[in-house]
Amino acid sequence: MAELPSGTSRRSVGWEFRTVRWIVRHPGAVVGPGAAGVSVAELGATATGGVVGGLVLGAAAWYRGHPDTFDVWAAPVLRAWRRRWAGAYRSRRWVNLMGSCGLTKVHHKTGETLVPRVLRVRAWSPSIDTVRVRLVPGQALRAFSAVLPELAATLKAERVAVEQGRPGEVVLIVQRDEPFDRVIPAPAMPESSDAVDLRSLCLGETELGEEWREPLIGTHHLTAGATGAGKNSVVMAKLRAVAPMIRDGLVRPWVCDPKLFEFVALRPILDGRYADTPEDCAELIARFVSNMERKQKRLQRKGKRGVPVSREHPVDWLILDEVGYLMSYNSEYAHEITNACAVISSMGRATNDVIDVYVQEPSKDVLPVRDLLPHRVCLRVTSERHPDMVLGDGARERGAIADEIAADGTSAGIGYRVDGRSRTPRRVRAAYTSDADIDELVAFVQAGPAGPGLRAVA
């Protein structure tokens with residue numbers, strides 16, 4: 001009989017070597033008890049108990065006395081350890097979870113059951129776990145994507161999403177409950193234009209407790225959400241984030257407000273760049289296009305393909321609220337407005353002309369230029385088809401369940417955006433901007449430019 005080639009034995013690794021391998025991967029399981037044993041042997045049980053008691057009292061004092069630092073440094077470590085070793089991610093429960101969801105494989109020679117292995121658990125917030133998992137041979141991310149609802153149900157979680165990690169690894173994002181249990185107050189406005197980064201504006205928070213940041217320039221924007229979903233929170237957060245640049249003439253908002261009242265408080269700082277009827281909106285957008293074309297000709301004469309932001313070359317930012325009314329529901333000006341928006345979204349990037357669209361129903365029948373708006377946010381919507389329309393094919397399958405966000409006032413501003421690198425949907429919440437915050441914005445801008453002369457912003 002022919003000999004088996006090297007590396008094709010039908011026997012699996014012995015249990016003693018598997019144990020050694022496990023200890024190498026998890027040294028804390030040996031170091032902790034070992035240190036306690038050595039301490040008892042060298043110092044005695046009483047002294048060891050005193051040391052342990054002192055550590056516990058110190059941690060309790062830290063927990064009670066300085067919540068800000070404890071919640072940032074200690075709580076995530078303790079929470080991750082508890083969930084890794086006393087929760088659903090510990091060995092036997094994890095094996096059962098993988099088997100129940102069909103994520104195990106059988107080795108074709110040895111018959112051994114291969115189980116995806118938990119590499120690391122992090123729990124930056126009480127609501128969200130991130131679990132780094134090593135795939136078994138012959139497995140890919142789509143194996144997990146196909147069973148996300150089953151994983152969520154088995155883990156008793158509200159939502160599970162998955163993203164590609166390092167080669168051969170995936171990262172599970174497990175949402176145990178609503179991470180946004182409070183309204184996020186509007187951040188303080190920057191004092192100067194120097195403090196504003198137009199490629200990274202703070203709009204609120206992500207599900208991981210980090211700042212939610214989005215660019216203004218270099219792209220065009222689409223935000224979709226049902227009535228009451230909090231679309232106004234997104235645009236107002238952007239306006240406050242660039243307030244010094246509006247004041248200094250470096251950013252010029254142009255606003256179409258078909259609802260007649262959503263942005264009317266901003267009229268004093270818009271210098272005539274406000275419209276509220278379909279006819280006036282069509283005229284304002286036409287003026288925007290003409291201004292963009294003048295900027296293009298200026299660049300042509302200078303032989304340049306782009307310029308930094310300055311008072312001579314400001315960012316012109318067209319905000320279109322309830323765009324469905326302008327492009328679809330009101331047919332008289334729909335064709336004119338749609339064509340103009342297509343021109344802006346196709347040609348405005350080099351001249352720092354930005355279009356920012358807000359819509360309730362994101363189908364192409366309502367928003368024909370949808371594919372020309374690459375930077376997108378999906379707030380609460382009414383159809384399970386809408387997340388894919390806004391965030392791309394398969395977004396809902398990967399965890400963007402925007403149609404399941406609660407339809408009440410407590411969820412305003414909550415939605416999803418797609419991570420630019422991993423293409424994974426992230427749950428986010430925009431900061432809430434009150435009427436007093438809007439009044440503060442208007443007063444801040446009306447204070448006038450910070451100083452004379454031109455100023456370039458990279």
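The values are calculated or read from the model by the stated rules, or taken from the named source; none is laboratory data. Keep in mind that this is a model prediction, so the values were computed, not measured. Note that each Cβ is placed from the backbone with ideal geometry, even for glycine, and that neighbours are counted across all protein chains shown.
Specify which of the listed residues (Arg247, Arg267, Arg252) is charged (D, E, K, R), farther than 20 Å from Ala436 by Cβ and either surrounded by fewer than 22 Cβ atoms within 10 Å (Cβ to Cβ) or assigned by TED's automatic domain parsing to the domain that holds Leu320 (or both).
Arg252
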**Enumeration of residues in segment 226-272 that are outside any helix (DSSP H, G or I), farther than 16 Å from Val315 by Cα and among the aliphatic types (A, V, I, L, M)** = Ala226, Ala229, Leu260
**Request:** Only residues in segment 217-242 that are over 21 Å from Val445 (Cβ atoms) count as the first member; pair them with residues that are β-branched (Val, Ile, Thr) and in a loop (DSSP other than H, G, I, E, B), Cβ under 6 angstrom, at least 6 apart or cross-chain, and list the lot.
**Result:** Ala226/Val381; Ala226/Thr382
**Message:** Which of the numbered conditions does Cys202 fail, given that it passes all the others? Conditions: (1) under 15 Å from the mean Cα position of the chain (by Cα); (2) surrounded by fewer than 16 Cβ atoms within 10 Å (Cβ to Cβ); (3) within 30 Å of Gly306 (Cβ to Cβ); (4) not aliphatic (A, V, I, L, M).
**Reply:** (2)
**Asked** Of all residues in segment 178-192, how many are touching a strand residue (DSSP E or B) at 6+ places or on another chain (Cβ under 7 Å) and either among the small types (Gly, Ala, Ser) or assigned to a loop (DSSP other than H, G, I, E, B) (or both)?
**Response** 6
**Request:** Inspect segment 372-392 for any residue being at pLDDT 95 or above, over 18 Å from the mean Cα position of the chain (by Cα) and crowded, with 17+ Cβ neighbours inside 10 Å and give the result as yes or no.
**Result:** yes
**Enumeration of residues in segment 405-443 that are under 17 Å from the mean Cα position of the chain (by Cα), charged (D, E, K, R) and within 20 Å of Asp177 (Cβ to Cβ)** = Arg426, Arg427, Arg429
**Item:** From the options Glu293, Glu322, residue that is of a type in the set (D, E, K, R) and more than 20 Å from Lys238 (Cα to Cα)
**Value:** Glu293
**Request:** Give segment 129-173 a look and list any residue that's within 22 Å of Ala406 (Cα to Cα), in a strand (DSSP E or B) and touching a Ser or Thr at 6+ places or on another chain (Cβ under 9 Å), or say none.
**Result:** Ala161, Ile173
**Asked** Only one of (1) closer than 24 Å to Ser434 by Cβ; (2) surrounded by fewer than 21 Cβ atoms within 10 Å (Cβ to Cβ); (3) in the same structural domain as Arg252 (by TED's automatic domain parsing) fails for Ala188. Which number is that?
**Response** (3)
**Of all residues in segment 95-113 being among the polar types (S, T, N, Q) and more than 18 Å from Val174 (Cβ to Cβ), the one that is surrounded by the most Cβ atoms within 10 Å (Cβ to Cβ)** = Thr104
**Item:** Total residues in segment 305-334, condition surrounded by fewer than 19 Cβ atoms within 10 Å (Cβ to Cβ) and among the β-branched types (Val, Ile, Thr)
**Value:** 1
**Asked** In the list Leu373, Leu391, which residue meets the criterion of being among the hydrophobic types (A, V, I, L, M, F, W, C) and touching a Cys at 6+ places or on another chain (Cβ under 7 Å)?
**Response** Leu391
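For segment 273-285, how many residues are part of a helix (DSSP H, G or I), in contact with a helix residue (DSSP H, G or I) (Cβ under 7 Å, 6 or more places away or on another chain) and either surrounded by 14 or more Cβ atoms within 10 Å (Cβ to Cβ) or of a type in the set (Val, Ile, Thr) (or both)? Let's see the steps before the verdict.
First pass over segment 273-285, keeping only residues part of a helix (DSSP H, G or I): 278-285.
With the extra rule that they be in contact with a helix residue (DSSP H, G or I) (Cβ under 7 Å, 6 or more places away or on another chain), the set shrinks to 278-279, 281-282, 285.
Narrowing the set further to residues that are either surrounded by 14 or more Cβ atoms within 10 Å (Cβ to Cβ) or of a type in the set (Val, Ile, Thr) (or both) leaves 278, 281-282, 285.
Within segment 273-285, residues that are part of a helix (DSSP H, G or I), in contact with a helix residue (DSSP H, G or I) (Cβ under 7 Å, 6 or more places away or on another chain) and either surrounded by 14 or more Cβ atoms within 10 Å (Cβ to Cβ) or of a type in the set (Val, Ile, Thr) (or both) number 4.
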**Request:** Specify which of the listed residues (Gly394, Gly399, Gly415) is within 27 Å of Gln164 (Cβ to Cβ), out of contact with any strand residue (DSSP E or B) (no Cβ under 9 Å at 6 or more places or on another chain) and of a type in the set (Gly, Ala, Ser).
**Result:** Gly394
**Prompt:** Out of curiosity, is Lys109 of a type in the set (D, E, K, R) and touching a Lys or Arg at 6+ places or on another chain (Cβ under 9 Å)?
**Reply:** yes
**Request:** Please find, among Phe288, Phe261, the residue that is without any contact (Cβ under 8 Å) to a residue 40 or more places away in the chain, aromatic (Phe, Trp, Tyr) and in the same structural domain as Ile319 (by TED's automatic domain parsing).
**Result:** Phe261
**Item:** Residues that are farther than 13 Å from Thr223 by Cβ and of a type outside the set (A, V, I, L, M), drawn from segment 398-418
**Value:** Arg398, Gly399, Asp403, Glu404, Asp408, Gly409, Thr410, Ser411
**Test result for Thr69, part of a strand (DSSP E or B) and of a type outside the set (D, E, K, R)** = no
**Asked** Which residue, of Arg132, Arg92, Arg117, Arg84, is in contact (Cβ under 8 Å) with a residue 24 or more places away in the chain and surrounded by fewer than 17 Cβ atoms within 10 Å (Cβ to Cβ)?
**Response** Arg132
**Prompt:** Just wondering, is there one or more residues in segment 301-309 that are more than 31 Å from the chain's Cα centre (by Cα) and either in contact (Cβ under 8 Å) with a residue 24 or more places away in the chain or closer than 22 Å to Leu216 by Cα (or both)?
**Reply:** yes
